[in-house]
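The values are calculated or read from the model by the stated rules, or taken from the named source; none is laboratory data. Please read all numbers here as calculations on a predicted model, not as lab measurements. Methodologically, a virtual Cβ is constructed for each residue, glycine included, from the backbone with ideal geometry; neighbour enumeration extends over all protein chains shown. Accessible surface areas use protein heavy atoms only, side chains included; no ligands, DNA or RNA. Shrake-Rupley method; radii C 1.70, N 1.55, O 1.52, S 1.80 Å.
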Amino acid sequence: MILGTLASDKLVTTVNAILSEVFTEISPNKVKIFAEQKPQFDYQKIREYLRVLNVDSEVEVKVIGTGISNWKQQLSTETVDVADVTPGRKYMALALHNYVKAGEVRYVYLQNESKGYRPFGYVPFQEIKVVNLRDGKEIQMRAIKTRRELERRVKLGYVGIRTTLNMLSLLGKVEIDGIPRQDVRVDQGIEEMCSIWSGRRRFKEEKILFETQGRLIADTNVYINLGPRLLSLRNRILPASSTYAELLNKVTSTQRNDYNLIKFQLGMYAFRLVHEKLPDPNRKFGDASLVGEARALKGEMTENLTLITGDAGVMKSARLKGINVVFLHDLEKREEEDLASKAFCLSAFENVEVKVNGDTFLRIGGWDTEKSTVESLKEEYNYSYLSSLLTG
């Protein structure tokens, strides 16, 4: 069986299209990728991903060149069983749809495009549809068994844990339990902090962030409290030098295995997760420094600037200086939550068990400020190993 698809300027787009098709239970012995030019990526690594899923497939890249007439001429001679038109430029997708001889032509529809360009499994599967473009029918995605004798213990960050839990959700209901550890001194704030990370408890004021126009700048407590949930605002949040300097100071000066140290380490992790480019670490920190930085940025920018904080003192000081502020202080309970955020947060303080339909599939622990150790207990559904390959 031949699966045909397109090259893209981002490797993840092509990989996600191929893996989405495999999770509809097709098993190609050849994947043919049509490209405009010689690829800058090593597409052969896709073979390794497929082998994890018991698919032994050749991966071939065919360079077509540019131009619609050129694509029409060359694709008219191609035959595939399934053509996936998700990646690539629009004219490439149209050419693959219109000119290749294909048993089926499919498209992977992503409900929320802001979650695109992420590793396979990052987006919850209820937000993805694989559609047959010829009859408009949806093709269901199902859990695919992994190859046996894969490494059962891997290191994963938030993104890898999220992709793993989402893949396991294809089997049924996923739940997590925290198991206290003896080596970490903690207080009663863990459950609340990790519930806020997961979104099970949210600040009522969070909705204002999505209604506010312009750029945002966040206090230290915002990264500590919201964690990876800030990824939904990453294109708008500027990395504050004073916030980064304070986090850096806290993670290098607080007592080992103390609750407060771990709390600031999680805040630093969230900061690095949200911001690819880190600011100057030598800036002064503190409330006055943050407000001063926000005021300076406001004077330099044509866009509106809003400061996010959970500190009443910072809120009052900033408003007195004419800075727009969203003050996070009023919590409410919500039904939905991101289990990956909660599992990663809890793994900094406790060992975590992940259950699917009541049966334990994973153990997560050994957090080291960047990644946690994830142990797969089910050899035939070792999605944590696949996630380790996909997320690096």
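Heavy-atom accessible area of Ile208 with all protein chains present, probe 1.4 Å, nearest 10 Å²?
Near enough 70 Å² of accessible area.
So how far apart, in nm, are the two label points at Asn112 and Ile208 if each is 7 Å from Cα heading toward Cβ?
Output for this residue pair reads 2.2 nm.
Is the C-alpha gyration tensor of the stretch 353-392 telling us rounded, prolate or oblate? Criteria: a/c under 1.5 is rounded; beyond that, a/b larger than b/c is prolate, otherwise oblate.
Details: a/c = 2.74, a/b = 1.33, b/c = 2.06.
In terms of gyration-tensor shape, oblate.
When you have a sec, figure out the Kirkwood radius of the stretch 169-314 from all distinct Cα pair distances and drop it here in Å to one decimal? Before the final figure, lay out the partial values.
Values: mean 1/r = 0.0605 Å⁻¹.
Mean inverse Cα-Cα distance, inverted, gives 16.5 Å.
Before anything else, pin down the relative contact order of the chain: Cα pairs under 8 Å, at least 6 apart, normalised by residue count, whole percent.
Working: 775 pairs, mean separation 74.2, N = 392.
Relative contact order comes out at 19 percent.
Return the carbon/sulfur percentage of the accessible area of the chain, one whole number, probe 1.4 Å, all protein chains in place. Show your work: numbers first, answer last.
Numbers: 8030 of 18350 Å².
Its accessible area is 44 percent carbon and sulfur atoms.
Using the alpha-carbon centroid of each, what span in Å lies between the stretch 17-73 and the stretch 102-145?
One Cα centre to the other: 16 Å.
Where only protein heavy atoms count, and the probe is 1.4 Å, what is the accessible area per residue for the chain in Å²? Intermediate values should be presented prior to the final figure.
Details: 18350 Å² over 392 residues.
Spelled out: the 1.4 Å probe surface of the chain, per residue, equals 47 Å².
Between rounded, prolate and oblate, where does the stretch 298-392 land on the alpha carbon gyration tensor, with a ≥ b ≥ c its root eigenvalues, rounded for a/c under 1.5, else prolate if a/b exceeds b/c? Walk me through the numbers before you get to the answer.
Values: a/c = 3.22, a/b = 2.44, b/c = 1.32.
Prolate is the answer for the stretch 298-392, as a/c is 1.5 or above and a/b outweighs b/c.
By average Cβ neighbour count within 10 Å, what is the ranking of 368-381, 3-16 from highest down? Write out the running numbers ahead of the final one.
On the way: 368-381: 17.3, 3-16: 21.9.
Descending mean neighbour count gives 3-16, 368-381.
Could you give me D for the stretch 1-114, from Stokes-Einstein at 10 °C and 1.306 mPa s, where the hydrodynamic radius is the Kirkwood radius over C-alpha pairs? Units µm² s⁻¹, please.
Here the translational diffusion coefficient equals 114 µm²/s.
Computed FRET efficiency, Cβ-Cβ of Asn70 and Leu133, R0 25 Å: what is it to the nearest 0.05?
Working: r = 23 Å, r/R0 = 0.91.
The value I calculate is 0.65.
About its Cα centre, how strong a charge dipole does the chain have in debye, to the nearest 20, once Lys and Arg get +1 and Asp and Glu get -1 at the Cβ? Let's see the in-between values first.
On the way: 57 positive and 52 negative charges, 123 e Å.
Approximately 600 debye in magnitude.
Expressed in nm to one decimal, what extension gain is obtained for the pair Glu104 and Glu379 from 0.36 nm per residue of sequence separation less their Cα-Cα distance?
Details: separation 275, 0.36 × 275 = 99.00 nm, distance 3.26 nm.
Between Glu104 and Glu379, full extension yields 95.7 nm more.
With a Förster radius of 45 Å, plug the Cβ-Cβ distance of Gln40 and Asp81 into 1/(1 + (r/R0)^6) and report the FRET value to the nearest 0.05. Before the final figure, lay out the partial values.
Values: r = 28 Å, r/R0 = 0.62.
My answer for the efficiency is 0.95.
With percent of Cα pairs over 42 Å apart defined as stated, name the option among (i) 22; (ii) 9; (iii) 15 computed from the structure displayed.
Recomputing percent of Cα pairs over 42 Å apart here gives the entry labelled (i).
Return the tail of the calculated pair distribution for the stretch 96-247, meaning the percent of Cα-Cα pairs more than 26 Å apart.
Of the Cα pairs, 48 percent sit more than 26 Å apart.
Using amide H atoms built 1.01 Å from N in the peptide plane, name the residues 5+ places from Arg147, or on other chains, whose amide H lies under 5 Å from its own.
Leu53, Asn54
Between Glu370 and Arg148, what FRET efficiency comes out of the Förster formula 1/(1 + (r/R0)^6) with R0 = 25 Å and r the beta carbon distance, rounded to 0.05?
Working: r = 29 Å, r/R0 = 1.17.
It comes to 0.30.
Which far-off residues, 5 or more places away or on another chain, put their amide H under 5 Å from the one on Ala83, with H placed in the peptide plane?
Hits under the 5 Å cutoff: Gly4, Glu104, Val105, Arg106.
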